[in-house]
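Chemist: First, the structure itself, so that you have it in front of you.
The values are calculated or read from the model by the stated rules, or taken from the named source; none is laboratory data. As the structure is a prediction and not an experimental result, all values here were calculated from the model. Please note: Cβ atoms are built from the backbone with ideal geometry, for glycine as well, and neighbour counts cover all protein chains shown. Just the protein is used for accessible areas: all its heavy atoms, side chains included, with ligands, DNA and RNA removed. Shrake-Rupley method; radii C 1.70, N 1.55, O 1.52, S 1.80 Å.
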Amino acid sequence: MRWRKAAAAGGAALGAAALYNVTASHRIASLGNVLGGETLEMDWRGHRVAYTRHGAGAPVLLVHGVYAGASSYEWRNTVDALAQRHTVYALDLLGFGRSARPNVRYTPALYQAFLADFMARLAHGPLAVVASSLSAAFVVALAARDPRHIAALALIGPAGVGQFREAASTGQAATQLLLDAPILGTAIYNALTSPVSMREFLEEQYANDRLVTDELVEEYVQNARQPGAKHVVAALVGGRLNVDIRNALRRVRHPLLILWGDQARTNSVQNAHAFRVLKPDAEWTLVSNAGDRPHDEQPGQTNEAILRFLDQFKRTTGRGVTPTSGGIVS
């Protein structure tokens, strides 16, 4: 009798979880292009990759961070400023935004291969890359291993030195397995990406949490709740995307700008000091009155620093010629 009661209780719990999942997905709509510009797509290993193109000039690629609800929407206060002088590509990484979210083995190596192929197929030659948080670590690792595709790097609150550096623990691996479970794992993921949870996450990212509006929260919830979105987040919380870039950072020879919000909490500004020790020749900008997303919270300061860095790079290298090739649609 005891096992029957346990089985009944377990069945009821799964039923409740399944009902919660249906309710959570009920109001989720397909995503559109919220950045404007030209909407483009590319096929990568059988998966659709979405990106947008803006402006004209020397090419710049924007790579958003890796977290639940991430997408190129992160760059909404960056695109127009950079597009006044550059051809700007805003990419949705595989697993995020309007790109496909396949159930594949997400690793730093996969994202490095993805970024290298994407940049090569844009057919511009080496690109200036602006990347944030964990994606910035992937770009550093790629630049050290295969520098052909990258011309210059601007990194915003990069991970891989003080954050997301350690190998995955047994507990993290167990968490990933739990999230990957079809019913219970999806229910847990939906709870983690509820409007309340998403608001708490975003308020931790901003120095001024009044910037976390209902509209902002809704945009991130819509992104986080897209079908298949939990797969890459499961890999993230499972530690499978952690990457130690300390040695790679020392080998990077590209022009390098590192930006950090002076009130960052998730990736503390203390971690910036470790980057300065490892890469003393890098240019630095500490963005005042900003948390972990200075490009969104203080776009004026951040965009000015990035544009100044890119202009200096163009003057030094002569790579300021407007590219003749466009994006690739396949």
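Chemist: Inspect segment 136-149 for any residue being within 22 Å of Gly238 (Cβ to Cβ), assigned to a strand (DSSP E or B) and of a type outside the set (A, V, I, L, M) and give the result as yes or no.
Modeler: no
Chemist: Okay, next question. Take segment 178-213 and flag every residue that is open to solvent by less than 40 Å² (accessible area, probe 1.4 Å), over 12 Å from Ala68 (Cβ atoms) and at pLDDT below 95.
Modeler: Ala181, Gly185, Thr186, Ala187
Chemist: Can you find even one residue in segment 55-67 that is among the aromatic types (Phe, Trp, Tyr), open to solvent by 10 Å² or more (accessible area, probe 1.4 Å) and within 20 Å of Asp292 (Cα to Cα)? Spell out how you get there, then give the answer.
Modeler: The first filter runs over segment 55-67 and keeps only residues among the aromatic types (Phe, Trp, Tyr), leaving 67.
With the extra rule that they be open to solvent by 10 Å² or more (accessible area, probe 1.4 Å), the set shrinks to 67.
Imposing the further condition that a residue be within 20 Å of Asp292 (Cα to Cα) reduces the set to 67.
Checked segment 55-67: at least one residue is among the aromatic types (Phe, Trp, Tyr), open to solvent by 10 Å² or more (accessible area, probe 1.4 Å) and within 20 Å of Asp292 (Cα to Cα).
Chemist: List every residue pair whose Cβ atoms sit under 6 Å apart, with the two residues 6 or more apart in sequence or on different chains, where the first one lies in segment 176-194 and is under 20 Å from Glu219 (Cα atoms) and aromatic (Phe, Trp, Tyr) and the second, anywhere, is open to solvent by less than 60 Å² (accessible area, probe 1.4 Å) and in a helix (DSSP H, G or I).
Modeler: Tyr189/Leu179; Tyr189/Lys230
Chemist: State which residue pairs qualify: first residue surrounded by 21 or more Cβ atoms within 10 Å (Cβ to Cβ) and inside segment 216-237, second residue assigned to a helix (DSSP H, G or I) and acidic (Asp, Glu) in any location, beta carbons under 6 Å apart, and separation of 6 or more residues or different chains.
Modeler: From segment 216-237, the pairs are Ala234/Asp180.
Chemist: Can you give me the number of residues within segment 295-312 that are open to solvent by 30 Å² or more (accessible area, probe 1.4 Å), under 15 Å from Leu82 (Cβ atoms) and either free of Cβ contacts under 8 Å to residues at least 60 places away in the same chain or aromatic (Phe, Trp, Tyr) (or both)?
Modeler: Number satisfying all stated conditions: 5.
Chemist: Still on this structure: Only residues in segment 76-99 that are open to solvent by less than 10 Å² (accessible area, probe 1.4 Å) count as the first member; pair them with residues that are acidic (Asp, Glu), Cβ under 6 angstrom, at least 6 apart or cross-chain, and list the lot.
Modeler: Ser99/Asp92
Chemist: Separate question: Just to be sure I understand the filter: pairs with C-beta atoms under 6 Å, separated by 6 or more residues or on different chains, first member in segment 115-133 and more than 24 Å from Asn242 (Cα to Cα) and hydrophobic (A, V, I, L, M, F, W, C), second member assigned to a loop (DSSP other than H, G, I, E, B) and open to solvent by 10 Å² or more (accessible area, probe 1.4 Å). Which pairs pass?
Modeler: Cβ pairs passing all conditions: Ala123/Ser325.
Chemist: While we're looking at this one, here's another question. On the basis of being part of a helix (DSSP H, G or I) and small (Gly, Ala, Ser), does Gly300 make the cut? Walk me through how you get there before you give the answer.
Modeler: On the way: part of a helix (DSSP H, G or I): yes; small (Gly, Ala, Ser): yes.
It is true that Gly300 is part of a helix (DSSP H, G or I) and small (Gly, Ala, Ser).
Chemist: Right, something else. Among the listed residues Thr87, Thr78, which satisfies the condition of being among the β-branched types (Val, Ile, Thr) and closer than 24 Å to Phe201 by Cβ?
Modeler: Within the list Thr87, Thr78, the selection yields Thr78.
Chemist: Answer yes or no as to whether Asp292 is among the charged types (D, E, K, R), part of a helix (DSSP H, G or I) and open to solvent by less than 40 Å² (accessible area, probe 1.4 Å). Please lay out each step first, then the result.
Modeler: Details: among the charged types (D, E, K, R): yes; part of a helix (DSSP H, G or I): no; open to solvent by less than 40 Å² (accessible area, probe 1.4 Å): yes.
So Asp292 does not fit the description; no.
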